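In what follows, a structure is listed as structure tokens, so that the remarks can point back to it.
The values are calculated or read from the model by the stated rules, or taken from the named source; none is laboratory data. Just so you know, these numbers come straight off a predicted model, no measurement behind them. So basically every Cβ, Gly included, is an ideal-geometry build from the backbone, and we count neighbours across all protein chains shown.
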Amino acid sequence: MTAWHALPAELLINIVGLLPPNAVRALASTSRTSHAVCLPALFASVVLPSAESLRAFAAHVPRHYGPFIVSLSVCTEHSVSCVDTFNCTDALVSILSSTTRLQSLSLSLASSVDPHKLIPTFADLTSVHTLDISNCGSENLTPISERLVVSLAASLPSLSHLRLSRISRSAVHVDSCDVPYNVPIVMNDFDVPPHPRLGADLSLPFLLTLQSLRVLEMRDTWLGCDSKLDLNLDPDAPRPRLQKLLLTGNMYTDDPALDSGAYTAWMRTCGPSLQSLVLGTALAPAEDVLPSPSSARSVRDLTWEIVHVEDLPCIYHLHIDSSLVPADAFYSTMEVLSPCQISNVTISHGDNDSSEQEDELDEFAHQCALDDLEEWRDAVEGFLRSAASANWTSLRRIGVEFGKDVNAKWEL
């Protein structure tokens, strides 16, 4: 132990950084010196899975530990047995105000937070490049407003990767006549102050004006009102610089293809910087879309909202989440995206489009994967045989991957 303590502090910290978490905790308990050396590793990644753990951390962890935190994940949902409540916003502000080296922040919110307290705190998080905001509560009872989310994201000067899940649209920006009856809309978010740069334009599409943002992932969020999307940017204003867009549809529209115009409007607004698209929802040409009972729009409205497909950007890579998009929707989805000159198409369960799945499947799961593969093989080969495939001169590869040894590839 004497030889260990004789090493320079910088070397000790580097060694501790190579140890697994259990070994770091064990080493920290051996002596005060070892505990001090292990602090950066112990607090580098902090996970607070409940409102109670958030309150305990804010109350008992010294504030001077804050600079050690690089990644912070917080859930504000209360325990089932909890009878008292407390202000989660104050606890969040207390912790975030000390995290001067924070790079990744994940917020799973059971209810909204006080924008007047939290937004100024975000402006001081100059190193945060990844932000994840989701609603773990009820969208009908405790919605998380798009106005709050956009203002928080716009306050982070270094934000490059944004993930959103179950974010509710605001009555300030959405025409109630365009909203299906079962889609929750936030009515009481007028307390979100104007943003210093965006002003009162705090709807989700204005995320595209954030010049540092490169990846935007939106899951289970209704975008159907954005089919007429227009940011009204000045001619000299910087263009969107987003490189990757993920859209998974929403849980409220019976037929995801009804929102096809909105999804293509998002793509069109991204412009030429967009290189990769991840879809968890089917697309369909406007003439193929029929209104569902839950939609307040008419056939006339749907016809009037035809997307100008010639304005769609060229996209190098398309990934399709086969757990959300059926194989029989492949043809219509590709038809909508035909102006995009896509080169590479990948299909798999989930939205991970960067690496092949190597996990071993049990016998039942393996058989299910084989059945899915056959469905997608038929869909892909049918598409390639069709006349529409003649318009895909840029297409070079289609790959389907459902597990180890459950895959198919078409080199074109």
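Scan region 102-126 for residues that are basic (Lys, Arg) and buried (at least 16 other Cβ atoms within 10 Å of the Cβ) and the total you get is 0. Within region 157-173, is even one residue modelled with pLDDT under 95 and buried (at least 20 other Cβ atoms within 10 Å of the Cβ)? Checked against the condition, which is being modelled with pLDDT under 95 and buried (at least 20 other Cβ atoms within 10 Å of the Cβ), region 157-173 yields at least one hit. A Cβ distance below 9 Å, combined with a sequence gap of six or more or placement on separate chains, defines the contacts here; from region 252-269, residues that are not assigned by the TED database to the domain that holds TRP222 reach no residue that is modelled with pLDDT of 95 or more and buried (at least 24 other Cβ atoms within 10 Å of the Cβ).
Here's the yes/no breakdown for (1) more than 30 Å from ILE347 (Cβ to Cβ); (2) assigned to a loop (DSSP other than H, G, I, E, B):
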position	(1), (2)
ASN188	yes, yes
VAL192	yes, yes
ARG197	yes, yes
LEU207	no, no
THR221	no, yes
ASP230	yes, yes
GLY249	no, yes
TYR252	no, yes
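Residue count for region 241-255 satisfying the condition of being at pLDDT below 95 and buried (at least 23 other Cβ atoms within 10 Å of the Cβ): 1. Taken across region 259-270, residues that are more than 29 Å from ASP378 (Cβ to Cβ), modelled with pLDDT under 80 and not in a loop (DSSP other than H, G, I, E, B) do not occur at all. In region 63-84, the condition of being of a type outside the set (Val, Ile, Thr) and without any contact (Cβ under 8 Å) to a residue 12 or more places away in the chain is met by at least one residue.
Restricting attention to region 170-186, the residues that are among the small types (Gly, Ala, Ser) and either part of a helix (DSSP H, G or I) or not assigned by the TED database to the domain that holds MET218 (or both) total 1. Checked against the criterion of being at pLDDT below 90 and over 25 Å from SER165 (Cα atoms), region 319-342 contains not a single residue that satisfies it. Identification of helices (runs of 4 or more DSSP H) wholly contained in region 87-169 with 2 or more residues that are farther than 22 Å from ILE69 by Cβ and in the same structural domain as SER212 (by the TED database) yields 115-122, 146-154. The helices (runs of 4 or more DSSP H) located wholly in region 1-84 that include 1 or more residues which are over 33 Å from the mean Cα position of the chain (by Cα), among the aromatic types (Phe, Trp, Tyr) and not assigned by the TED database to the domain that holds SER97 occupy 2-5. Restricting LEU277, LEU245, LEU202 to residues that are closer than 26 Å to SER155 by Cβ, under 19 Å from the mean Cα position of the chain (by Cα) and not in a loop (DSSP other than H, G, I, E, B) narrows the list to LEU245.
Within region 65-88, being more than 15 Å from ASN135 (Cα to Cα), at pLDDT below 95 and of a type outside the set (A, V, I, L, M) holds for SER79, SER81, CYS82, ASP84, THR85, PHE86, ASN87. Just so you know, in region 101-130 the residues that are in contact with a strand residue (DSSP E or B) (Cβ under 7 Å, 6 or more places away or on another chain) and small (Gly, Ala, Ser) include one that is modelled with the lowest pLDDT, and it is SER112.
Only a single item in (1) closer than 30 Å to PRO205 by Cβ; (2) free of Cβ contacts under 8 Å to residues at least 12 places away in the same chain is not met by ALA56, and it is number (1).
Among the residues of region 126-143, the ones that are farther than 19 Å from CYS75 by Cα and under 20 Å from the mean Cα position of the chain (by Cα) come to 2 in all.
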